[in-house]
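Read-outs: derived from the displayed coordinates by stated rules, not from any lab. Keep in mind that this is a model prediction, so the values were computed, not measured. Note: ideal-geometry Cβ built from the backbone for every residue, glycine included; neighbour counts use all protein chains shown.
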Amino acid sequence: MRTTVKDVMTGKVTTVTATTPFREIAETLIARGISAVPVIDDDDHVIGMVSEADLLRKEEFREEFYREGYRPPLRARLRHPKGRQKASGDTAAELMTSPPITITDEASAVTAARSMDHHDVKRLAVVDRDGRLAGIVSRRDLVKLFLRSDDDLATEVRDEVLERGLWVDTERVHVDVQQGIVTLSGWMDRRTETAIAVRMTSRVNGVVDVIDKLNWKHDDSKWEAR
């Protein structure tokens, strides 16, 4: 079963507008127990994201307690080239990271994970087909996929992979799942079929690893190589 962003995202999202002041944003993050908040316009389109890190730029680049002409460490300036600009911001429009990194609610959970890794962010604003805010998906939401029960994983491997996903005889294949690790054992007709079964099983959301103990009657891998 293909898990989409809609399946794992948080639908009820706290938001702010471009004119929301610094103090109110900080109070919102603390009161809601969240680390970031989307910035939306009057039509619910996401125009940016403000995180705790954005707010902390005001301290990181503060000059109040330093001599005149103070410059933050080079590492801080290279890591956050717009840090000083954000440090002087007083509203969401001046503090937010824009344009925002978004993903559609129909995208796969795998796509969301890859996008977070590529952009080095902890969360994505989720938008619908019209580009309006639909939710938030975080790394924690994606990690929850690995908390699926062993019985649930075993059922999906048997039903979706072995019975419906493969157009071959899989009656002699046995599935055992322990702590998210799937062990496939038994027999299949061809060696290439066992490889496909293992590969498809590894793609099931929540599977930590696949142990291949499958045997085969015919080694057709050399023909496939040709």
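Test of understanding: ordering Lys12, Lys122 by Cβ neighbours within 10 Å, fewest first, what list do you get?
Details: Lys12 6, Lys122 13.
Lowest to highest Cβ neighbour count: Lys12, Lys122.
Which of Ile25, Ile196 has the fewest other C-beta atoms within 10 Å, and how do the rest follow up to the most? Spell out each step's value before the answer.
Working: Ile25 23, Ile196 15.
By the 10 Å Cβ count, ascending, the order reads Ile196, Ile25.
What is the projected area of the convex hull of the Cα atoms of segment 148-225, averaged over all directions, in nm²?
Details: hull surface 18.9 nm².
The directionally averaged projection comes out at 4.7 nm².
Could you list Phe146, Phe22 so that the one with the fewest beta carbons within 10 Å of its beta carbon is first and the one with the most is last?
Numbers: Phe146 13, Phe22 17.
By the 10 Å Cβ count, ascending, the order reads Phe146, Phe22.
What is the sum of charges, Lys and Arg at +1 and Asp and Glu at -1, for the other residues whose Cβ falls under 13 Å from the Cβ of Lys217?
Details: positive: Arg172, Arg190, Arg191; negative: Asp169, Asp189, Glu193, Asp219, Asp220.
Result for the neighbourhood of Lys217: -2.
Which percent, to the nearest 5, of DSSP beta bridges fully inside segment 148-225 are antiparallel? Please report the intermediate quantities before stating the final value.
Values: 6 of 15 bridges.
Beta bridges within segment 148-225, antiparallel portion: roughly 40 percent.
Show me the ranking of peptides 186-192, 30-36 by mean Cβ neighbours inside 10 Å, starting with the highest. Let's see the in-between values first.
On the way: 186-192: 17.3, 30-36: 12.4.
Most protected by this proxy first, the peptides run 186-192, 30-36.
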